[in-house]
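One structure below.
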Amino acid sequence: DLSKAMSQAGPSQFQEVIRQELEYSMKVELDKILATAPSNELQHTKKDLEGFKKLFHRFLQEKGPSVDWGKIQRPPEDSIQPYEKIKARGLPDNIASVLNKLVVVKLNGGLGTSMGCKGPKSLIGVRNENTFLDLTVQQIEHLNKTYNTDVPLVLMNSFNTDDDTKKILQKYSLSRVKIYTFNQSRYPRINKETLLPIAKDVSYSGENTECWYPPGHGDIYASFYNSGLLDNLIAEGKEYIFVSNIDNLGATVDLYILNHLMNPPNGKRCEFVMEVTNKTRADVKGGTLTQYENKLRLVEIAQVPKAHVDEFKSVSKFKIFNTNNLWIALSAIKRLQEKNAIDMEIIVNPKTLDGGLNVIQLETAVGAAIKSFENSLGINVPRSRFLPVKTTSDLLLVMSNLYSLNAGSLTMSEKREFPTVPLVKLGSSFTKVQDYLRRFESIPDMLELDHLTVSGDVTFGKNVSLKGTVIIIANHGDRIDIPAGAVLENKIVSGNLRILDH
């Protein structure tokens, strides 16, 4: 009898009783959901719900921030290598044989909703009508043609992106890239109050779309293994994967890093390499590499005790952050997955659904597993390898003449005098891609731009040139049209198109 047990229990026993109750109630609900699965989906759904149950169990066990701040130390000198040192080793003559051991994996589970698009984010046009996916395929095709190799592309899709992506993949059937896909898990969202799933059955279309979510990119290890693709690639002689977000246009295959992995200078191979880069003020929330209990460990802002958040954000104490460009040994993933030994912190992601219901999603991050691998390494890479497109402000940068496009890769234009990227802040009128595109007759010349802020109802004519610091603010109810051919250098444009020197 629960009430009797509670009256006799102390506080910790009381919590244990509650925890067991919650686990039992969750199991009952998941069994009900599983009972609605059609026979062809039964095994798959069972695996997903088993994985979710493990995550939920750990969620109930762990409380509060998951790092002991007193144990965090700076990583030892040799555990984060400068890219220059790795590049200085040069490349061997047999680079093709090294490339043939590589698989490129792109994280393709996300939708373009934050930029007002329906469907997979990877299908948003970023440059000359090319999408993220087009550019990725072009990069790998260029590698395979140049070195006469067979580097395949693997896409980790989610239930949100799988159908649309597969339709698009038909257009690459003649390209010189083998493309494989596998799906990450599908987990039920939990009601924040009751801690029970909001889904009543397995369907995830129509009104049930909001009941399910893909549980973050840390799910790659289990899903890749469960799909059978991991074993197939090992059987083909592949040894490493290079994993990155599909919206990071700087994440191209780097031959120097690959050579360092395959031919380590000390003879001992790394199982896991994380590319990190120097923090700027814009990156203070990014996860950082630390030394923790004699292992390299990724610490995310969500794991930091509140009293230490400012310290975590300090650019002087934690100088680098994780780009999520990762190089991982396939044999190590298989070994750890079979031992159930991949340890990743749980990220609790609260969401409010359209109807106002508060839910939580339990997620994990791919880089958090670094501490489970042997001989891990950080490489401090140039900022150019981190070029994510999360917003239309980012999109404006990559569409502009700041970058030139060559074989699917974007590089900073040689005409720009300094290598830093301008700071661009576009207001809410530009959030959605279609609104953003409507407001630019052509993308302005931004080669000499340092900072751009645009707020309110603003449009740009053709061939506008922006230099130095430009701030354009249309007051509520006003509209500002920047005329074709205008050159704005260190200008503040406000209200009713008054142009002031900045």
- Message: Based on this model, can you work out whether Ser244 counts as part of a loop (DSSP other than H, G, I, E, B) and either hydroxyl-bearing (Ser, Thr, Tyr) or open to solvent by less than 20 Å² (accessible area, probe 1.4 Å) (or both)?
- Response: no
- Can you work out which of the residues in the range 448-465 that are of a type in the set (A, V, I, L, M, F, W, C) and either outside the structural domain of Pro419 (by the TED database) or over 16 Å from Lys432 (Cβ atoms) (or both) is surrounded by the most Cβ atoms within 10 Å (Cβ to Cβ)? Leu449
- Message: Report every pair of residues separated by at least 6 positions or lying on different chains whose Cβ atoms are under 7 Å apart, first residue within the range 199-213 and assigned by the TED database to the domain that holds Ser158 and open to solvent by less than 40 Å² (accessible area, probe 1.4 Å), second assigned to a helix (DSSP H, G or I) and not basic (Lys, Arg).
- Response: Ala199/Ile33; Ala199/Asn208; Ala199/Cys211; Val202/Ile33; Val202/Glu41; Val202/Thr45
- Query: Pairs, please: C-beta under 7 Å, at least 6 apart or cross-chain, first residue under 24 Å from Ile234 (Cβ atoms) and modelled with pLDDT under 95 and in the range 152-168, second aromatic (Phe, Trp, Tyr) and surrounded by fewer than 18 Cβ atoms within 10 Å (Cβ to Cβ)?
  - Reply: none
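Out of Glu141, Glu50, I need the residue that is among the acidic types (Asp, Glu) and touching a residue at least 24 places away in the same chain (Cβ under 8 Å). Which one?
Glu141
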- Note on the structure: Exactly one of Ile379, Ile342, Ile370, Ile360 is in a loop (DSSP other than H, G, I, E, B) and either outside the structural domain of Tyr436 (by the TED database) or at positive phi (or both), and that one is Ile342
- Message: Return the residues of the range 45-78 that are within 30 Å of Pro264 (Cα to Cα) and either touching a His at 6+ places or on another chain (Cβ under 7 Å) or surrounded by 15 or more Cβ atoms within 10 Å (Cβ to Cβ) (or both); say none if nothing qualifies.
- Response: Ile72, Pro75
- Message: When you check Ser122 against the structure, is it touching a residue at least 60 places away in the same chain (Cβ under 8 Å), open to solvent by 20 Å² or more (accessible area, probe 1.4 Å) and assigned by the TED database to the domain that holds Leu377, yes or no?
- Response: no
- Query: So which residues in the range 380-424 are of a type in the set (S, T, N, Q) and open to solvent by less than 50 Å² (accessible area, probe 1.4 Å)?
  - Reply: Asn380, Thr392, Ser393, Ser400, Ser409, Ser413
- Query: Residues of the range 314-334 being closer than 23 Å to Ile379 by Cβ and charged (D, E, K, R), which ones?
  - Reply: Lys317, Lys319
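The values are calculated or read from the model by the stated rules, or taken from the named source; none is laboratory data. Since we're looking at a predicted model, the values are computed, not measured. Using ideal geometry, Cβ is built from the backbone for each residue, glycine included, and neighbour counts are taken over all protein chains shown. Please note that ligands, DNA and RNA were not included when accessible areas were found on the heavy atoms of the full protein model with its side chains. Shrake-Rupley method; radii C 1.70, N 1.55, O 1.52, S 1.80 Å.
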